[in-house]
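Chemist: What follows is a single structure, and I will ask about it in a moment.
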Amino acid sequence: MYETLNQANAAVIAEIKRARPRLLDVKPAKECIPALNEGYALLHAGPPIAWPDMTGPMQGAVLGACMFEGWAADAAAAESLAASGKVRFLPCHDHSAVGPMGGITSAHMPVLVVRNAEQGNYAYCNLNEGIGKVMRFGAFEGEVQTRLAWMRDVLGPTLSAALARIPDGIDLTALMAQAITMGDEFHQRNIAASALLLKALAADIAGSDAGVEAQQEVLRFLGRTDQFFLNIAMAYGKCVMDTAAKVGDGSIVTAMTRNGRDFGIRVSGLGARWFTAPVNMPVGLFFTGYSQDDANPDIGDSAITECLGIGGAAMIAAPGVTRFVGAGGFSEALEISEEMREIYLDANPMFLIPTWDYQGACLGLDVRRVVETGITPVINTGIAHRKAGIGQVGAGTVRPPLGCFEQALEALAAARGLQA
């Protein structure tokens, strides 16, 4: 333990700045996450949760995964299995992984393999399914199953073959440093990063031993999936923040996540312990035919981006996205990022933002500052329908409950023999 929290936090931030995650491969999840090889096991977003407590989108994604794995022939059989107690539900964060929205990941789903070239740790995230009816938002039948099978049989192997042709993989820090100057903030807007990724991969996809038809299908999918890079940004954030957690001291938040019921955080000085409070409801803009009444409570591991200081904290990098999430325009984006500076300790020298006079994105979310100011992080998020089987109905913003941070500060004080 360091003599002071400030010293500890300086060490944590130094490790964050030193990290250099690289995208190395795409593999079946079971090859990277041993727990998925043990009977009926599924990873999920957020802190621990049981089947009866899951909201509609996560339950829908569970049904989809059970059918995809061949554990159940239809939705009714999948629901019976999920409710039987035979399925083990495991937080992604406990297995070096993250997953968007419901976060449901099963053994045969392909995952991104990201390795920190400096500190050596790995992180994983499943692949972005694109838009429309998708499993991460709780849809589970028909086109969802067809797409999941294609991702397993075509997309994953083709990307793996292409990445095998790139020595040491793709330097994600360099790619993201360029993309943030092109208007991405890496949560709701990933258009530039997705395009840069396609640029980096296209020649090697075309030159791989995947068949011509597979190559064309994958190139078309990557070309039309603006948010494909989100899952890579999530794996990047997880890889970096797990490195920060290894310092074992300090008041820096190393994970923020939600399961539709609870919002959970972890702190650098408190290990893998979860501090939770009931999630809030995201507010934003809705697709035609839907309204706030249809929204599911906050859900997903994607807040790892805000934990790192991008996403909502870097709203000024992507002022155009404020319209999409119903948060106003340029002045509102500037106001949000300026407010976030009050609760983060430093700036990221790798992610310089032109629209912020080339200041670096926020870095080092401090539990102490959150509690002292009462300011909680702004999170950009998609909004899922509260019922299973429907999918995404809008996009907006949400803030964590302050109670998570208050609990963590009290625990941190106790660990250091102090009174909060």
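The values are calculated or read from the model by the stated rules, or taken from the named source; none is laboratory data. This one's a predicted model, so the numbers in the text were calculated from it and none came from an experiment. All Cβ positions, even for glycine, are placed from backbone atoms using ideal geometry, and neighbour counts span all protein chains on display. Surface areas here come from the heavy atoms of the whole protein model, side chains and all, with no ligands, DNA or RNA. Shrake-Rupley method; radii C 1.70, N 1.55, O 1.52, S 1.80 Å.
Chemist: Name every residue in region 324-383 that is without any contact (Cβ under 8 Å) to a residue 60 or more places away in the chain, open to solvent by 50 Å² or more (accessible area, probe 1.4 Å) and aliphatic (A, V, I, L, M), in order of residue number.
Modeler: Correct list: Leu334 only.
Chemist: On the basis of being under 27 Å from Asn9 (Cβ atoms) and either more than 19 Å from the chain's Cα centre (by Cα) or assigned by TED's automatic domain parsing to the domain that holds Gly391 (or both), does Thr276 make the cut?
Modeler: yes
Chemist: For residues that are hydrophobic (A, V, I, L, M, F, W, C) and surrounded by 22 or more Cβ atoms within 10 Å (Cβ to Cβ), scanning just region 68-105, find the one that is modelled with the lowest pLDDT.
Modeler: Met101
Chemist: Quick one: in region 265-280, which of the residues that are touching a Gly at 6+ places or on another chain (Cβ under 6 Å) and not in a loop (DSSP other than H, G, I, E, B) is surrounded by the fewest Cβ atoms within 10 Å (Cβ to Cβ)?
Modeler: Kept after step one, since they are touching a Gly at 6+ places or on another chain (Cβ under 6 Å), are these residues of region 265-280: 268-269, 274, 276-277.
Next, from what is left, pick out any that are not in a loop (DSSP other than H, G, I, E, B): 276-277.
Values: Thr276: 20, Ala277: 17.
Result: Ala277.
Chemist: Return the residues of region 395-420 that are outside any helix (DSSP H, G or I), touching a helix residue (DSSP H, G or I) at 6+ places or on another chain (Cβ under 8 Å) and either modelled with pLDDT of 85 or more or open to solvent by less than 60 Å² (accessible area, probe 1.4 Å) (or both); say none if nothing qualifies. Quick ask: steps written out before the conclusion?
Modeler: Restricting attention to region 395-420, the residues satisfying the condition of being outside any helix (DSSP H, G or I) are 395-401, 416-420.
Next, only the ones that are touching a helix residue (DSSP H, G or I) at 6+ places or on another chain (Cβ under 8 Å) stay: 395, 397, 416, 419-420.
Residues satisfying the conditions are Ala395, Thr397, Arg416.
Chemist: Examine region 200-210 for a residue that is open to solvent by 30 Å² or more (accessible area, probe 1.4 Å) and in a strand (DSSP E or B), and state whether such a residue exists.
Modeler: no
Chemist: Also, quick follow-up: Please pick out the residue among Ile33, Ile16, Ile49 that is in contact (Cβ under 8 Å) with a residue 24 or more places away in the chain, within 20 Å of Ala384 (Cα to Cα) and either outside the structural domain of Gly156 (by TED's automatic domain parsing) or not basic (Lys, Arg) (or both). Full working, then the answer.
Modeler: Details: Ile33 fails: within 20 Å of Ala384 (Cα to Cα); Ile16 fails: within 20 Å of Ala384 (Cα to Cα).
Selected residue: Ile49, the only one of Ile33, Ile16, Ile49 that is in contact (Cβ under 8 Å) with a residue 24 or more places away in the chain, within 20 Å of Ala384 (Cα to Cα) and either outside the structural domain of Gly156 (by TED's automatic domain parsing) or not basic (Lys, Arg) (or both).
Chemist: Next up: Just give me the residues in region 31-43 being over 19 Å from the mean Cα position of the chain (by Cα) and surrounded by fewer than 24 Cβ atoms within 10 Å (Cβ to Cβ), in sequence order.
Modeler: Glu31, Pro34, Ala35, Asn37, Glu38, Gly39, Tyr40, Ala41
Chemist: Say we look at region 281-303 and pick out the residues that are closer than 21 Å to Thr105 by Cα and under 17 Å from the mean Cα position of the chain (by Cα); which of these is most open to solvent (accessible area, probe 1.4 Å)?
Modeler: The residue in question is Pro297.
Chemist: Of everything in region 349-394, what is in a loop (DSSP other than H, G, I, E, B) and among the basic types (Lys, Arg)? Give them in sequence order. Spell out how you get there, then give the answer.
Modeler: Taking region 349-394 and keeping what is in a loop (DSSP other than H, G, I, E, B), we get 357-358, 374-378, 386-391.
Residues satisfying the conditions are Arg386, Lys387.
Chemist: Follow-up question, since we're still on this one. If you take the residues in region 44-57 that are among the aliphatic types (A, V, I, L, M) and over 15 Å from the mean Cα position of the chain (by Cα), which one is surrounded by the most Cβ atoms within 10 Å (Cβ to Cβ)?
Modeler: Taking the candidates together, the pick is Met54.
Chemist: Here is a further query. Scan Gly300, Gly237, Gly311, Gly260 and give me the residue that is touching a His at 6+ places or on another chain (Cβ under 8 Å), modelled with pLDDT of 95 or more and of a type in the set (Gly, Ala, Ser).
Modeler: Criteria check complete, one pass: Gly311.
Chemist: Further question: Need the failing condition index for Asp249 against (1) open to solvent by less than 10 Å² (accessible area, probe 1.4 Å); (2) not in a loop (DSSP other than H, G, I, E, B), just the number.
Modeler: (2)
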